[in-house]
Structures are given as C-alpha cells and as structure tokens.
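Below is one structure, written out as structure tokens; comments come after it.
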Amino acid sequence: MKIRMTAIGLSAFLLLLVKCGSDSKTGGASSFDEKLYLDKGNAIVEETFAELSGKLVSAIEEKGVSGAIEYCNIAAMPLVDSLSSANNATIRRTSFRVRNPQNAATNWERGVLAEYEAKHSAGEALKPVVKELDEGTVAFAAPIIMKPLCLKCHGEIGADIVTSDYLTIKRLYPNDEAFAFVDRQFRGMWSITFKK
Ligand code: HEC
C-alpha cells in the first residue's frame, strides 16, 4: 500500500515536471528577460544614433552632402563593431524602402515594420519592442522617424535633395528606393538581434 501511494505520488510529480517543461517550451512573455533586452537595445540605439547624427552633421558642414553620403552607413561605424561584439549582437537598420539592398527587411522585420507603419498612420506613438525569435535569439526593434536633416538625402529629388547630390547617391546605390520621404514620416527601424 505504501509503495502504491509512493508510486502515485511519483507519477503525479513526473506529470507536473512534464507539464512545466512543455509550458516553458511553448515560450510566452516570461521565457526571457524582456526588460534586460529593452534596456540593452535602447542603450545601443541611443549611442549609435548620437554618433551617427554627429558624424552626419559635421560631415555635411565640412564636405557637403555628396561628401557626407558614406556617413549614413552604420555598418561602416567602428562604434557599431565594438557594440556588436560587446553585446553579442547584430546591429542594423531596415525599412520597406531601402537605399542599400543589404538593409532589406527579413520576415520578422517586415512584421514589425508593418505594425509600426499602421500605428504611425493611426497617430499612435511608436515604442521599442522585443521578441524571442528562437530559443537562442532575442530581437529588439525601435522606430526611425524622418527629421529635417534627413531630407537632404531621403527627401524629394530636385527639391530637398540637390539633383547633383542625387546623382552621386544613385551612382553608389543604383537600386535606391529611400527617397521622397517627408518630415516626420515613418522611415524604418533599428533591428538588433542578441544571442542569449
Ligand atoms: C548625407 C546623406 C544622408 C543623410 C543626411 C541621411 N542619410 Fe540615411 N542613408 C544615406 C545613405 C547613403 C544610406 C545607405 C547606407 C548604407 O549603405 O547602409 C542611408 C541609409 C539609411 C537607412 C538604412 C536603410 C536604407 O535605406 O538602406 C536609414 C534607416 C536611414 N538612412 C535613415 C536616415 C535618417 C533617419 C536620417 C536623418 C537623421 C538620414 N538617414 C540622413 C544617406 C543619408
């Protein structure tokens, strides 16, 4: 009798284990530390954006728009390299309309871009988001909105963008789609993936 009771107890315990195990497998919001990755992502974006804007502004002053074109390429920024390796992360920017085809959106990025675009047209504020892509990867996204400075290279050709500057852009980026944006329009997003 005692043995039977123990056996029942044991199988109940095992069942519980299996149940807990399957719960954590199906994921859900609690299977990774959302706040940790939101904080990390926000810190990386803040630092990278500050460096990027600073470089753009001083490069435009010194070399003019066509000389500053390479300064909107975050992949070429040493800061991004060091932040990537320090955080075990991949840092990029993407959009539905890209200048560099290497920045084209992946599947999960398209999903978030579409959500952001819908919210932005509905006049809602856009916030950074985190999601688990698979057991070993967490993705962070944050919106990018057009500002007056950006129009010099992403605005209307012949009006905001000087035509001769656009020729330089087009020569370097023959498939460019990242023009004709207006101030405050939704431009795209930061996309950071972290290896857990
Ligand atoms: C001096 C010209 C210039 C200015 C000013 C500029 N950009 Fe860019 N932007 C570029 C170029 C060139 C690329 C392509 C970089 C690359 O090769 O990744 C680019 C790429 C991007 C991308 C990556 C997606 C894509 O289209 O390839 C985003 C997002 C972006 N810019 C947003 C902005 C925002 C926001 C501003 C204003 C704060 C801005 N840019 C100002 C020239 C510029």
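Keeping every protein chain present and rolling a 1.4 Å probe, give me the accessible area per residue for the stretch 32-195 in Å².
Working: 8780 Å² over 164 residues.
Ligands and nucleic acids excluded, the figure is 54 Å² per residue.
If packing is taken as the average number of other Cβ atoms within 10 Å across a peptide's residues, how do 124-131, 44-51 rank, most packed first? Don't skip to the answer; put the middle values down first.
Working: 124-131: 14.8, 44-51: 16.4.
Ranked by mean Cβ neighbours within 10 Å, highest first: 44-51, 124-131.
Grab the Cα-Cα distance for Ser121 and Gln102, subtract it from 0.36 nm times how many residues apart they are, and report the gain in nm with one decimal. Working shown, then result.
Values: separation 19, 0.36 × 19 = 6.84 nm, distance 2.65 nm.
Gain on stretching Ser121 to Gln102: 4.2 nm.
What does the charge dipole of the stretch 32-195 about its Cα centre add up to, to the nearest 20 debye, if the Cβ of each Lys and Arg holds +1 and the Cβ of each Asp and Glu holds -1?
Details: 19 positive and 23 negative charges, 58 e Å.
Charge dipole of the stretch 32-195: 280 debye, to the nearest 20.
At a 1.4 Å probe radius, carbon and sulfur cover how many percent of the accessible area of the stretch 32-195?
Numbers: 4720 of 8780 Å².
So the carbon and sulfur contribution to the accessible surface is 54 percent.
Counting Lys and Arg as +1 and Asp and Glu as -1, what is the net charge of the other residues whose Cβ lies under 9 Å from the Cβ of Phe140?
Working: positive: Lys40, Lys131; negative: none.
That sum, taken over residues with Cβ under 9 Å, equals +2.
Among Val57, Tyr116, Thr90, which residue has its Cα furthest toward the positive end of the charge dipole of the stretch 32-195, with +1 on Lys/Arg Cβ and -1 on Asp/Glu Cβ?
Projecting each Cα onto the dipole axis, the largest value belongs to Val57.
Using the Cβ atoms and a cut-off under 15 Å, what net charge is assigned to the surroundings of Val98, where Lys and Arg are +1 and Asp and Glu are -1?
On the way: positive: Arg92, Arg93, Arg97, Arg99, Arg110, Lys170, Arg187; negative: Glu109, Glu117, Asp176, Glu177.
That works out to +3.
Quick check on my link table: of Lys147/Lys170; Lys35/Lys195; Lys127/Lys152; Lys63/Lys152, which ones sit more than 20 Å apart, alpha carbon to alpha carbon? List each step's numbers first, then the result.
On the way: Lys147/Lys170 22 Å; Lys35/Lys195 16 Å; Lys127/Lys152 26 Å; Lys63/Lys152 14 Å.
Result: Lys147/Lys170; Lys127/Lys152 exceed 20 Å.
The values are calculated or read from the model by the stated rules, or taken from the named source; none is laboratory data. Since the structure is predicted, the reported quantities are computational estimates derived from the model, not experimental observations. Here the Cβ is made from the backbone with ideal geometry for all residues, glycine too, and neighbour counts use every protein chain on show. When the accessible area is computed, the model is the full protein with side chains, heavy atoms only, and any ligands, DNA or RNA have been set aside. Shrake-Rupley method; radii C 1.70, N 1.55, O 1.52, S 1.80 Å.
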